[in-house]
1. Considering only DSSP states other than H, G, I, E and B, which trypsin sites (Lys or Arg not before Pro) in the range 237-266 qualify as loop sites with at most 15 other Cβ atoms within 10 Å?
2. P(r) for the range 378-439: what percent of alpha-carbon pairs falls in each 10 Å bin, starting at zero?
3. If a/c stays under 1.5 just call it rounded; otherwise compare a/b with b/c (prolate if a/b is bigger, oblate if not). Do that for the range 256-346, with a ≥ b ≥ c from the square roots of the Cα gyration tensor eigenvalues.
4. Can you classify the range 315-441 as rounded, prolate or oblate using the Cα gyration tensor, where a ≥ b ≥ c are the square roots of its eigenvalues, rounded means a/c under 1.5, and otherwise it's prolate if a/b beats b/c and oblate if not?
5. Using a 7 Å offset from the Cα along the Cα-to-Cβ direction at both ASP168 and TRP346, what is the distance between the two label points in nm, to one decimal?
6. Show me the three semi-axes of the equivalent ellipsoid for the range 1-85, from the C-alpha gyration tensor (sqrt of 5 times each eigenvalue), largest first, rounded to whole Å.
7. Shape of the range 1-47 from its Cα gyration tensor (a ≥ b ≥ c, root eigenvalues): rounded if a/c is under 1.5, otherwise prolate when a/b > b/c, or oblate?
8. Could you pull the Rg and Dmax for the chain, using just the Cα atoms, both in Å?
Amino acid sequence: MTVPLPAHTDPVVGRLLSDPLLHELGHGLGGPYHVLLPDAFDANVAAFRKALAEAEVDGRVYFAKKANKASVFAERAATAGLGVDVASKGEMREALAAGVRGGELVVTGPAKADELLRVAVLHGAMIAVDALDELDRLDMTARELDRRARVLLRVLPPDQPHSRFGLDGNEITAALDRLGGSAVDLEGFSFHLSGYDTGQRADLSAVLVRLCRRARDLGLRADRISIGGGFAVDYVGGADWQRFEESSRPEHFHAAKRFTGGFYPYHSPVAGADALRAVLAAVPVGEDATLAELLRAADVGLLVEPGRALLDQAGFTVFRVQGVKERDGYAILTVDGSSLSLSEQWFGSEFLPDPVLVPARREAAARTGPYPACVGAATCLESDLLTWRKIPFSTPPAVGDLLVYLNTAGYQMDSNESPFHELPLPPKVVVEPTADRFRWQLDRHPA
């Protein structure tokens, strides 16, 4: 049997798990739903800003909106004076409607549509340019509008040469040559780096600082760099994660499922704002000073674009158990939703932290297990399981119980949602604690 992988739970979430509100919301909404906890988002923003201040770095935090579609996080970003990273007209429209000013947007993504470039220039947003033809189109757009375009040139990571994002060395040289006399203002450089290696991120950041110096020698502004996101989230405890990795076998999963692509590192000893601290404190290859010292010496600002890390503990997803089927020593649960609301499965992987069972009847909680069960969806797809792993529940799941997947706000709850089978999308419920109870309202979307 697989070992337990309990998720880290903050005190507010712990209170909610024992509060009647979860069952009341399930009854009132009539299906699965997502809980949003914006106070946790605010706390994570403060932690990132504190890390920048401690390092005495001129820095700015942008929220990567792709990590969650909810309006409340864009609204909180606007209230906090945060920037927002958008990659489509839809994301830009929602950020602007939430109160984020155009100059506080950074537009990312490859091969941006002409209309997105046009709107970005009109709003004074910063644009991460990913290709030479995109730079040419942007210059033409800015000239037609009689505006200046604000640009970061995105650099192809040398250690990830097959990435589809960024300009290689020759293309960077060509781009710098084209900027003279253009309608484009070079504000700096950026990169898109896969993975969570803080040393690798610091090394490439130092390359960008040197590029800023090179661009200034050509008379260009180049006073900031963006190092994107890639700040890990610590979902489970270290000892639990180690036990899982050492003992995991195919028979611990329904149908002996194998995940050849591996799993997200659900335990990360250096996560969130501490990962930013590690990047700033690292001495990049070829340098004799920390990245923070290099930034200060060059008078270069640092932009970071976390998504998942700003959403740590900022939401969870609730399903109702509507079927329990016994099979070969474990149960197959069916819940009233699908894995489209738990996106990791659609990347050929598994969201591994144990869901929490909230019994419909309190007396059921007295029984002790373990009772292994996997979790299937209410769809007609054999492969649609929310959890292939046979979770060792401490009490036997029953129809009417709630199954709560914790810490799903970052990329999990809505990245791949669709109304398959004409099932409605799970609503998002914004919950805020008061001294003696919880207040809630549905997340608002701009009309």
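1. LYS257, ARG258
2. Result returned by the calculation: 13, 37, 37, 11, 1.
3. Judged from the Cα gyration tensor, the range 256-346 comes out prolate (a/c at least 1.5, a/b above b/c).
4. oblate
5. 3.4 nm
6. Calculated on Cα positions only, the semi-axes equal 30, 18, 12 Å.
7. Since a/c reaches 1.5 but b/c is at least a/b, the shape of the range 1-47 is classed as oblate.
8. Both quantities, over Cα of the chain: 23.4, 75 Å.
Each reported figure results from applying straightforward, stated rules to the coordinates on display, with no laboratory input. What you are looking at is a predicted structure, and each value in this text was computed from that prediction instead of being measured. Reconstructed Cβ throughout: ideal geometry from the backbone, glycine too, with neighbour counts over all protein chains shown.
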